[in-house]
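A.B. asks: Right, I'll just put the structure down here and ask away after.
Read the figures in this text as sums done on the coordinates, not as results from a lab. Just so we're clear, the structure is a prediction, and the values are computed from it rather than from any experiment. Virtual Cβ from ideal backbone geometry, glycine too; neighbours counted across all protein chains shown.
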Number of protein chains: 2
Amino acid sequence: MKKTIENISYRKSTEELAGLAKALGHPTRIAILKHLENQSCCFTGDLVDVFPLAQSTISQHLKELKNAGLIQGELKPPKIKYCIHQENWNKAKLLFEELFNSQSSIKIEKCG
Amino acid sequence: MKKTIENISYRKSTEELAGLAKALGHPTRIAILKHLENQSCCFTGDLVDVFPLAQSTISQHLKELKNAGLIQGELKPPKIKYCIHQENWNKAKLLFEELFNSQSSIKIEKCG
DNA sequence: ATTTCTAATCGTAAACATACGATAGATATT
DNA sequence: AATATCTATCGTATGTTTACGATTAGAAAT
């Protein structure tokens, strides 16, 4: 990003969808989510055993998923239990569905 | 990426989904796709008028969408007509559906 | 042949992402 | 109080992305 151009603004749903997609845009994070879907929840340590990555790296990925709202962490001292954030997960699902299903049949044919 | 670790390999569908999500992970590219859905197709030049971005930047975004397989370009000299790649679009749709719907009810409860 | 039009590519700067090890903080256990 | 455990955060190196302007390439029209 060369220019510190005043940022282009898009519709809220566009920004949201892009943000979610970005969070999903790494295989490790997809794998973590798939793991959570089977598992109902897990701890950081579990994932460190599953993936050949440093604990700090896993933690970083979890943070991104949490920032995107896709997962939530619950304190279970001394551990932290991560689960899918069901409400946001459903919202995300809807946003993707909207993208993939919204091809209007009334298309503006501008092309030759 | 500090380490030139021999790359972790994930299941094919995980890699594919992550790749697609990454391509969707920028608001400009989401907006381009939404535009294509209404429009049935468009030319690079059209998008340059719609978005306050340089022509080279738009072209770059189109390239990424093309690499991800989400759009295709058809030569209409001297222009190039871009459309949604319907077959891959449907595949992508399925992969996301699979992610969002696959929460197994038989969850392995490992958590306290 | 020259000009015009469209879009890709090149070169580049700045920002962001991904990985690591090391360290710090919070809570149990001893 | 001291120790052990778990996880987040810091600092850092390296690779990738995003933006730009300039240039190039291809086709059509003059």
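A.B. asks: When N is the residue count of the protein assembly as shown, what does its C-alpha Rg come to as a fraction of 2.2 N^0.38 Å? Write down the numbers at each step before the final one.
C.D. replies: Working: Rg = 19.3 Å, N = 224, 2.2 N^0.38 = 17.2 Å.
The reported ratio for this selection is 1.12.
A.B. asks: Let me ask something additional. Would you calculate the separation in nanometres between label points at A:D49 and A:N88, each defined as 7 Å from the Cα along the Cα-to-beta-carbon direction?
C.D. replies: 2.7
A.B. asks: Sticking with this structure for a sec: Would you work out the charge dipole size for region A:12-98 about its Cα centre, treating the Cβ of every Lys and Arg as +1 and the Cβ of every Asp and Glu as -1, and quote it to the nearest 20 debye?
C.D. replies: 200
A.B. asks: Something else: Can you order the peptides A:66-73, B:9-16 by their average number of other Cβ atoms within 10 Å per residue, highest first?
C.D. replies: Result, highest mean first: A:66-73, B:9-16.
A.B. asks: While we're on this one: Explain nothing, just the number: dipole magnitude of the protein assembly as shown about its Cα centre with +1 on each Lys and Arg Cβ and -1 on each Asp and Glu Cβ, in debye rounded to the nearest 20.
C.D. replies: Computed about the Cα centre, the dipole is about 420 debye.
A.B. asks: Ok, one more. Cα-Cα over 26 Å: which of A:K81/B:K91; A:K93/B:K76; A:K63/B:K63; A:K66/B:K63; A:K12/A:K76; B:K12/B:K63?
C.D. replies: A:K81/B:K91; A:K93/B:K76; A:K63/B:K63; A:K66/B:K63; A:K12/A:K76
A.B. asks: Here's a follow-up. How do B:C83, B:C42 rank when sorted from fewest to most other Cβ atoms within 10 Å of their own Cβ?
C.D. replies: Numbers: B:C83 16, B:C42 23.
Fewest-to-most Cβ neighbours within 10 Å comes out as B:C83, B:C42.
A.B. asks: I would also like to ask the following. Ordered by residue, what ³J(HN,Hα) values in Hz, to whole numbers, does region A:14-24 give under the Karplus form 6.51 cos²θ - 1.76 cosθ + 1.60, where θ = phi - 60° and Gly and Pro are x?
C.D. replies: 5, 4, 4, 4, 4, x, 5, 4, 4, 5, 7
A.B. asks: How far apart, in nm, are two points set 7 Å out from the Cα along the Cα-to-Cβ line at A:E98 and at B:K12?
C.D. replies: Going by the 7 Å Cα→Cβ label model, 3.3 nm.
A.B. asks: Beta carbons within 10 angstrom, averaged per residue: use that to sort the peptides A:46-56, B:86-96, highest first.
C.D. replies: With the highest mean Cβ count within 10 Å placed first, the list reads B:86-96, A:46-56.
A.B. asks: Work out the mean other chain Cβ neighbour count within 10 Å for the residues of A:16-24 and drop it here as an integer.
C.D. replies: Partner Cβ neighbours, averaged per residue: 6.
A.B. asks: Moving on. Within a 10 angstrom radius of the beta carbon, how do B:H61, A:H35 rank from fewest other beta carbons to most? Numbers along the way, then the final one.
C.D. replies: Numbers: B:H61 19, A:H35 16.
Lowest to highest Cβ neighbour count: A:H35, B:H61.
A.B. asks: So, one more: Find the relative contact order for chain A and round it to a whole percent, using C-alpha pairs within less than 8 Å whose residues are 6+ positions apart. Could you put the intermediate results ahead of the total?
C.D. replies: Details: 77 pairs, mean separation 27.4, N = 112.
Over chain A, the number comes to 24 percent.
A.B. asks: What average number of partner chain Cβ atoms lie no more than 10 Å from the Cβ of the residues making up A:8-14?
C.D. replies: On the way: counts 6, 1, 6, 4, 0, 2, 7.
Per residue, the average neighbour count from other chains is 4.
A.B. asks: Also, I was wondering about something else. Stick to the Cα atoms of region B:12-96, pair each with every other, and give me the Kirkwood hydrodynamic radius in Å at one decimal.
C.D. replies: 13.1
A.B. asks: Put a label point 7 Å from Cα along the Cβ direction on B:Q86, then list its distances to the equivalent points in the other copies in nm, shortest first.
C.D. replies: Label-point separations across copies, in nm and ascending: 3.9.
A.B. asks: Let me ask something else. Could you pull out every residue, at least 5 positions away or on a different chain, whose amide H is within less than 5 Å of the one on B:H85? Hs are placed 1.01 Å off N in the peptide plane, and Pro or chain starts have none.
C.D. replies: So B:H85 has HN proximity to B:I71, B:Q72.
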